[in-house]
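Visitor: One structure, pasted below without further comment.
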Amino acid sequence: MTERVNEVAGADDALAELATLREQIAHHEALYRKGTPEVPDSVFDELFDRYQELADSLGVPTEERIDRSPGVDHTDGFETVAHRVPMLSLEKLTPNRRDADGQPVPYEEQLSAWFERRLKDLELPPGSPLSLLVEPKIDGISVSLLYESGRLTRAVTRGDGQKGDVITAQVLEAGAAPAQLHGVSAGALEVRGELYWPRDAFDAYNRRLLAAGDKTIANPRNGCAGMMKRKDPAGLGEVGIRAFLYQIPWSEGVSLPGTQSGVLGWLAETGADVYTDEVHLASDAASAYAYCAGYHERRHQLPFDIDGMVIKVDELAHYPALGSTGHHPHWGIAYKFPPERRPTRLRAISVQVGKSGKLTPVAELEPVALAGTTVSRASLHNFPELARKDVRVGDRVFVEKAGDIIPQVVGVDHAARPAGTVPFTPPEVCPTCGSAVVSEEIFIYCPNPACPDQVLERLKHFAGRQAMDVEGLGEALLVQVIEKAGVRRPDDIFRLTVPQLAGLERMGEKSAANVVAALEGAKGRGLARILVGLAIRHVGVSMAEELTKHWRDADALLAFAARYVEGDPEAVAFVAPDKSSERGAVEGLGRKSADSIFAELNAASVRAVFEGLAAAGVSLAALETRTRDVEGVAGKTFVLTGTLPTLKRAEAGARIKEAGGKVVGSVSAKTDYVVAGEEAGSKLEKAQKLGVAVLDEAALLAMLGE
Ligand code: IVH
């Protein structure tokens with residue numbers, strides 16, 4: 001495999017990507033619930049995996065993360081059946097657990113606390129021995145297999161834990177689990193296990209795809225999930241998918257061993273694949289931990305991917321007394337591998353200028369192999385953090401790639417510090433344009449919007465995936481168009497021509513025409529994506545969408561921004577009607593962020609960009625999301641005020657817009673309806689004065705036909 005050299009993705013980019021992923025996941029979940037999914041489950045899984053990785057790398061605490069909502073693993077066209085015993089998931093030891101002082105809690109401590117709780121559940125004195133079976137945790141998809149008289153009669157995915165999709169034909173065709181258990185000819189039992197794609201078989205399959213000129217599959221886990229959801233199972237036998245079986249949650253008329261280790265032995269005798277060579281019986285938490293820790297390196301020698309280990313109480317008779325939380329059984333816990341960490345030498349500290357002018361320190365490292373790539377640059381977060389860690393050029397530092405994405409310096413070997421190092425002094429001037437820096441909170445900024453680095457970063461962001469998504473207009477080309485075509489502002493890119501581009505390095509007529517075609521396509525991405533692309537502080541993907549939902553087009557938004565900046569009381573009240581609650585008409589927009597967002601939107605430089613975009617033929621309106629015109633709502637103008645009993649105002653607004661109505665901020669003679677909730681104030685009064693019809697939530701819902 002060729003090694004990639006990792007560049008430091010800015011933390012800002014990572015946060016923005018995290019926000020986008022959060023929205024995409026919510027979007028697809030909502031569609032899924034409506035029974036109208038837009039993407040296959042495997043695509044959803046990829047989004048979720050990427051979200052988890054990023055959240056890990058950014059250290060997002062578990063309680064702030066989105067939960068994968070149940071039901072995501074249902075696929076249309078598959079029969080769904082209820083599980084006899086719900087399929088729960090395991091509690092996890094995680095590198096993100098912090099104590100009351102914010103310090104990370106080491107795995108040993110987390111595991112021994114878990115162990116002591118189990119002793120207590122069993123009314124055993126602290127420190128008692130209790131056998132634990134440690135097994136690898138394979139990164140696949142869980143499956144429930146029903147065997148009747150030893151014959152596999154039904155295979156079901158985990159689904160939402162209560163019910164899953166029937167994939168019997170797929171499992172049988174793939175030969176992933178025994179069709180008949182040797183030596184079992186009576187009774188019935190349910191066996192749980194993990195379907196997975198061994199590395200070799202996966203690589204071989206991808207080689208075949210490549211040879212046929214097809215797109216390869218990103219990873220074995222998602223690939224396996226996709227294969228098992230093939231409606232037509234023909235050909236699955238060639239693919240090489242297997243299942244490790246590890247649990248028998250229910251049986252009737254079959255005599256089974258009383259321990260988890262015994263069950264694995266029994267399953268092996270029936271011909272099933274079990275992790276026999278890789279399990280370990282421990283008598284306490286410390287020894288279970290030591291075995292798990294030994295796998296940090298050993299995992300790479302296994303012929304399949306594991307993402308951790310599972311520690312289980314061995315004695316099955318204890319399980320009822322151990323109980324469960326409803327989400328997790330108490331008889332087991334998962335040990336998630338901590339991110340790989342490697343020492344290397346810090347050669348230099350450089351300073352990067354971001355799109356908003358933020359200066360961030362970056363570690364220039366002696367290249368080091370880490371989790372599959374060679375890392376030569378790593379994030380040092382910010383200057384106060386660098387000072388707190390006391391990182392100096394020449395130091396031996398530790399790098400980690402949590403979630404396998406953004407390499408970061410996580411520690412310094414102070415004891416091994418060479419003589420003559422000096423603390424790093426944050427720059428007083430921008431390293432690129434020489435402007436004197438300004439401080440804001442813990443960050444320092446280059447205040448010069450024309451700073452070449454800022455210009456490039458802003459254009460990269462504007463042309464990037466979350467914004468205009470212009471294929472072919474990457475960093476290398478942007479550097480050239482800045483230099484040779486005088487591109488400075490986002491709207492400038494839409495004026496690029498084929499002859500201009502064709503003359504640039506590594507470009508020809510054809511690629512130039514492709515870029516121009518991509519730019520043409522990007523003109524219709526809509527206002528929300530433009531707002532994201534302008535990199536206005538406090539405007540991430542969700543805020544851009546909220547702003548777009550409310551104002552619908554750039555003219556209305558900029559007109560409001562001007563009124564807000566001038567202090568028009570109605571505009572101010574629209575954002576935050578009650579200063580103490582700071583909750584206004586736009587979801588997530590409080591006074592502080594509004595002050596900053598509208599000031600930026602109202603700035604001459606931003607207005608000029610909007611004008612330039614309009615002149616270049618870029619659509620500055622919301623993408624049409626209207627799904628159905630509802631008579632009586634379509635074409636009418638609504639004002640929402642006060643607290644509605646069940647709907648958030650943003651939600652009510654969205655529904656009106658979906659039905660073809662318009663939502664505005666203030667009441668005038670042109671307003672058709674005012675929807676008033678509790679504590680509706682001046683807008684209600686004004687409506688009554690003007691004789692505008694006033695609706696409550698129930699009347700609105702009735703109008704919408706709900
Ligand atoms: S025991 C309550 N053992 O990891 C679930 N799970 O949440 C008990 N997994 O959903 C599962 N290897 O898909 C168990 N040796 C193993 C496993 C394993 C992989 C998966 C399984 C489960 C998840 C843990």
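The values are calculated or read from the model by the stated rules, or taken from the named source; none is laboratory data. Quick caveat: nothing in here was measured; it's all calculated off a predicted structure. Using ideal geometry, Cβ is built from the backbone for each residue, glycine included, and neighbour counts are taken over all protein chains shown. Ligands, DNA and RNA are excluded from the accessible area calculation, which covers all protein heavy atoms including side chains. Shrake-Rupley method; radii C 1.70, N 1.55, O 1.52, S 1.80 Å.
Visitor: If a residue must be open to solvent by less than 10 Å² (accessible area, probe 1.4 Å) and part of a loop (DSSP other than H, G, I, E, B), how many such residues does the range 131-158 contain?
Guide: 2
Visitor: Can you list the strands (runs of 3 or more DSSP E) lying wholly within the range 359-460 that have 2 or more residues being farther than 30 Å from I493 by Cβ and hydrophobic (A, V, I, L, M, F, W, C)?
Guide: Per the criteria, 373-379, 396-400, 408-412.
Visitor: Need pairs with beta-carbon distance below 7 Å; first residue closer than 27 Å to L316 by Cβ and within the range 329-345, second assigned to a strand (DSSP E or B) and away from the ligand (no atom under 16 Å from the Cβ); sequence gap 6+ or separate chains.
Guide: none
Visitor: So A680 clears everything in (1) crowded, with 18+ Cβ neighbours inside 10 Å; (2) more than 18 Å from G584 (Cα to Cα); (3) at pLDDT below 90 except one condition, right? Which one?
Guide: Answer for A680: the failing condition is (2).
Visitor: Taking V667, is it more than 34 Å from the chain's Cα centre (by Cα), closer than 20 Å to D568 by Cβ and surrounded by 18 or more Cβ atoms within 10 Å (Cβ to Cβ)?
Guide: Criteria met by V667.
Visitor: Looking only at the range 157-182, which residues are on the phi > 0 side of the Ramachandran plot and either at pLDDT below 95 or of a type in the set (D, E, K, R) (or both)?
Guide: G159, G161
Visitor: Can you find even one residue in the range 494-504 that is in contact (Cβ under 8 Å) with a residue 24 or more places away in the chain and within 28 Å of the chain's Cα centre (by Cα)?
Guide: No, the range 494-504 has no match at all.
Visitor: Between a first residue in the range 289-309 that is under 18 Å from P339 (Cβ atoms) and a second residue that is outside any strand (DSSP E or B) and open to solvent by 50 Å² or more (accessible area, probe 1.4 Å), which pairs have beta carbons less than 6 Å apart while being 6 or more apart in sequence or on different chains?
Guide: Y289/E108; D305/D139; I306/R299; D307/D139
Visitor: Could you count how many residues in the range 521-543 are outside any loop (DSSP other than H, G, I, E, B), of a type outside the set (A, V, I, L, M) and touching a residue at least 60 places away in the same chain (Cβ under 8 Å)?
Guide: Summing the residues that are outside any loop (DSSP other than H, G, I, E, B), of a type outside the set (A, V, I, L, M) and touching a residue at least 60 places away in the same chain (Cβ under 8 Å) in the range 521-543 gives 3.
Visitor: Right, here's the next one. Determine, yes or no, whether V85 is β-branched (V, I, T), at pLDDT 85 or above and more than 14 Å from the ligand (Cβ to nearest atom).
Guide: No, not satisfied.
Visitor: Give the number of residues within the range 124-165 that are of a type outside the set (S, T, Y) and under 23 Å from the mean Cα position of the chain (by Cα).
Guide: Number of matching residues: 9.
Visitor: Residues in the range 204-242 that are open to solvent by 30 Å² or more (accessible area, probe 1.4 Å), of a type outside the set (A, V, I, L, M) and more than 22 Å from L47 (Cα to Cα): how many?
Guide: Total meeting the criteria: 10.
Visitor: Every residue in the range 170-217 that is more than 33 Å from the chain's Cα centre (by Cα) and within 22 Å of A234 (Cβ to Cβ), please.
Guide: L172, E173, G175, P178, A179, Q180
Visitor: Quick test of your reading of the structure: T374 fulfils all but one of (1) more than 16 Å from the ligand (Cβ to nearest atom); (2) within 30 Å of V134 (Cα to Cα). Name the failing condition by number.
Guide: Every condition holds for T374 apart from (2).
Visitor: Follow-up. At least 3 residues that are free of Cβ contacts under 8 Å to residues at least 60 places away in the same chain and of a type in the set (A, V, I, L, M, F, W, C) in each: list the helices (runs of 4 or more DSSP H) lying fully within the range 622-706 that qualify.
Guide: 682-690, 697-704
Visitor: Going through V438, V409 one at a time, which residue ends up being surrounded by fewer than 16 Cβ atoms within 10 Å (Cβ to Cβ) and touching a Phe, Trp or Tyr at 6+ places or on another chain (Cβ under 9 Å)?
Guide: Just one listed residue meets the conditions, V438.
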